[in-house]
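Values quoted throughout were computed directly from the atomic coordinates according to the rules given, and no laboratory measurement underlies them. It should be emphasised that the depicted structure is a prediction, and the values quoted were computed from it without experimental measurement. Please note: Cβ atoms are built from the backbone with ideal geometry, for glycine as well, and neighbour counts cover all protein chains shown.
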Amino acid sequence: MRGIFLVARRDFAAYVNTIWGWVILALALLLDGILFNVLGMKGNALYSSEVLKQFFYLSGGVTLAVGVFITMRLFAEERQTGTMVLLEASPLSDAQLVAGKYLSAMMFIVLFQGLSLYMPAMIFVNGKVSYEEIAVGYLGMTVLASAGVAIGTWASSISRNQILALVVGAVVVLFFIACWMISRKSDAPFKELFSYMAFYDKQYAPFQEGKINTEGLAYFGSVTFAFLLLATQSLSARRWE
Amino acid sequence: MITVSGLTHYYGNRRAVEDLSFTIAENEIVGILGLNGAGKSTTLKVLAGLVIPTAGTVTVDGTDLVAAGAEFRSRIGYLPEDPPLYKEMTVTEFLLYVGQLKGRSAADVLARLPAVLKTCQIDQVADRVIGELSHGYKKRVGIAQAIIHQPRLVILDEPISGLDPKQIVEMRQVVRALGKQCTVLISSHILAEISETCDRILVLNGGRIVASGVESELAAAAGTQGTRVTLQLRGSREQIEGALRHVTGLQSSNLAEEPGGLWKVHVALGADHRESLVAALVTAGVGVRRMVEDESELESIFLGLTQGATA
């Protein structure tokens, strides 16, 4: 565990000790705020719970995008700068390396989520929502982002450069988002399969309404585990080349 | 003690190294010499635990590379040709991170840090950001990261490439100092450097070891045994030629006049009879201003070995 936290701490420091980490945070918060203001609070007579649902709907997308964006550097940058050999020559296992990298990105996501708290807090000015609803929404957003971060980690593990990692990660995440659309055009049994796989419509929607979706927790957990496992296998395969 | 036995590695269908077997004693500095594609990098990567060999075994103090897995890598320090450095960190921060990454506690690393900084001659830049350092300092920080966890074997791939003459001299001192602390394996394409810093040389060609030993043993294997020197002398042609006739094992000599009554003389000796050469010249009243061993000697040995192996 010590090795995992060591890698996570260094990578998290690499995010926040450079101007780019804060630029990404600022841009993501700006985008999140604009979307919330323009789309989330449109109209005059919205229930507070409706505003909160809109916030989690929009913020979930921004968080997912941030997750894919920040993970592109995890392994691809190490390869580009030649520092990957430090990790590969260390006594840490490939699974520990992947876990450390994933954890660092999740720490950054949690920081972003913490900084976005002012938006749901603003609802209390003219409305009323429960803390539980907010907590459940953030839980859903965290597991959604976790799946995106895991996909980005895998994409970075198989890519030689960061741009390629970003493209691969974004395409896979977009596929999972678009599954609801694919399900509408499919026949059984693929209709049910794609509907189940849809990140937003099926699995994330209940969290936006303040309902803990255990099926969604299991699903996002499974996607996270599967892609982290793929990332580990990708690193291990390089030793056997 | 490092033991490599029957080491073979294929990249797909392409053979990189085949049936390499050698041992390296404790605190020995061994050089790996070979042309591009000879299998040097693959050998180093296998020893560093970066690549799992197709066949064969590698053990460090009895611990097997494949059986020990990740734990094996804590016994190895590795510096690739381009030092792997996080340029935004200071030297101390970086070494503290790498030491812990290699399994040492922070307290252990901090205790060892002053000695490592001194060995690598980077104590004066310990608090500087790595990105701001010169290439020579970066190379030395690269060596420091390879030894910070007190490994049994340190592998240096082209440690002097890109260094200026002053930095090369300093790097030699660093490598020699390393040899007192651990076993060192160096790969370099600069033949004179290998000869200068290593106790023993392994010559690789076509993925196989074609010769192993100290320089004289390699010369014997290559059939180019002997010594070639260049002298700068003061005296007459007759005096010099007369003196050379009395030198034991003289194979050939070549005189060229230089300004100021000086002579540049190339001499080939059948064995290392440099003392008798100087004695003969001095006895004949010839002024010996300088004697330099020809740098191309190892080169000719190397070419003899590799050409012989491929023929």
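When the expected Rg is taken as 2.2 N^0.38 Å, what fraction or multiple of it is the alpha-carbon Rg of the protein assembly as shown?
It is 1.32.
Where does chain A land at 222 nm, in deg cm²/dmol rounded to the nearest 500, when only DSSP H runs of n ≥ 4 count, each adding -39500 (n - 2.57), divided by all residues?
After summing the helix terms and dividing by residue count, I get -26000 deg cm²/dmol.
Whole Å is fine, so just give me how far the alpha carbon centre of region B:244-263 lies from that of region B:104-176.
Cα centres, region B:244-263 to region B:104-176: 44 Å.
Counting pairs of Cα atoms in region A:27-66, how many percent are more than 13 Å apart?
That tail contains 46 percent of the Cα-Cα pairs.
Among B:Val109, B:Val267, B:Val292, which one moves the most in a GNM of chain B with springs linking Cα atoms closer than 10 Å?
Maximum among the listed residues: B:Val292.
Once each part is reduced to its C-alpha centroid, what is the distance from region A:138-207 to region A:1-77 in angstrom?
17 Å
Starting from the exponent 0.38 and prefactor 2.2 Å, build the expected Rg for chain B from its residue count and divide its actual Cα Rg by it.
1.18
Counting DSSP beta bridges with both partners in the protein assembly as shown, what percentage is antiparallel, nearest 5?
70 percent
Build a GNM of chain A with springs between Cα atoms under 10 Å: which of A:Asn213, A:Asn17, A:Asn126 gets the top mean-square fluctuation?
A:Asn126
Within a 10 angstrom radius of the beta carbon, how do A:Tyr15, A:Tyr102 rank from fewest other beta carbons to most?
A:Tyr15, A:Tyr102
What average count of beta carbons from other chains do you get within 10 Å of the Cβ of residues in A:66-73?
0
I'd like to know how region A:1-117 sits against the 2.2 N^0.38 Å rule of thumb: what's its Cα Rg over that expected value?
Rg over 2.2 N^0.38 Å, computed on Cα atoms: 1.30.
Please report B:Arg14, B:Arg112 as a ranked list, fewest other C-beta atoms within 10 angstrom at the top and most at the bottom.
By the 10 Å Cβ count, ascending: B:Arg14, B:Arg112.
State which entries of B:Lys102/B:Lys166; B:Lys40/B:Lys139; B:Lys40/B:Lys87; A:Lys101/B:Lys138; A:Lys53/A:Lys191 exceed 24 angstrom in Cα-Cα distance in the structure shown.
Distance filter (> 24 Å) returns B:Lys102/B:Lys166; B:Lys40/B:Lys87; A:Lys101/B:Lys138; A:Lys53/A:Lys191.
Show me the trypsin sites (Lys or Arg not before Pro) within region B:167-211 that DSSP assigns to loop and that have at most 16 other Cβ atoms within 10 Å of their Cβ.
Answer by residue number: B:Lys180.
Counting only DSSP beta bridges with both residues in chain B, tell me the antiparallel percent, nearest 5.
Bridges in chain B are about 70 percent antiparallel.
Please list the radius of gyration and Dmax for region A:2-239, considering alpha-carbon atoms only, with Å as the unit.
Every Cα atom of region A:2-239 included, Rg and Dmax give 18.4, 60 Å.
Can you return the lysines within cross-link range of B:Lys180? Criterion is Cα-Cα under 19 Å, with same-chain partners fewer than 8 residues away left out.
B:Lys180 reaches B:Lys118.
Pick out which of B:Glu238, B:Glu18, B:Glu257 has the largest mean-square fluctuation in a Gaussian network model of chain B, springs linking Cα atoms closer than 10 Å.
B:Glu238
Most exposed first by the Cβ proxy, i.e. fewest other Cβ within 10 Å, how do B:Asp82, B:Asp19, A:Asp32 rank?
Going from sparsest to densest Cβ surroundings: B:Asp19, B:Asp82, A:Asp32.
How shielded is B:39-48 by partner chains, expressed as the average number of their Cβ atoms within 10 Å of its Cβ atoms?
That works out to 1 on average.
Among the aspartates and glutamates, select those whose C-alpha is under 15 Å from the C-alpha of B:Lys264, and discard any that sit fewer than 8 residues away in the same chain.
B:Glu238, B:Glu241, B:Glu293, B:Asp294
Using just the helices of chain B, give the 222 nm mean residue ellipticity in deg cm²/dmol: DSSP H runs with n ≥ 4 each add -39,500 (n - 2.57), and the total is spread over all residues, rounded to 500.
-11000 deg cm²/dmol
How long are the semi-axes of the equivalent ellipsoid of region B:225-296, taking √(5λ) for every eigenvalue λ of the Cα gyration tensor, in whole Å from largest down?
They are 18, 14, 10 Å, listed from largest to smallest.
Residues of A:75-88, mean number of Cβ from any other protein chain within 10 Å of their own Cβ, rounded to a whole number?
Mean shielding by partner chains, rounded to a whole number: 4.
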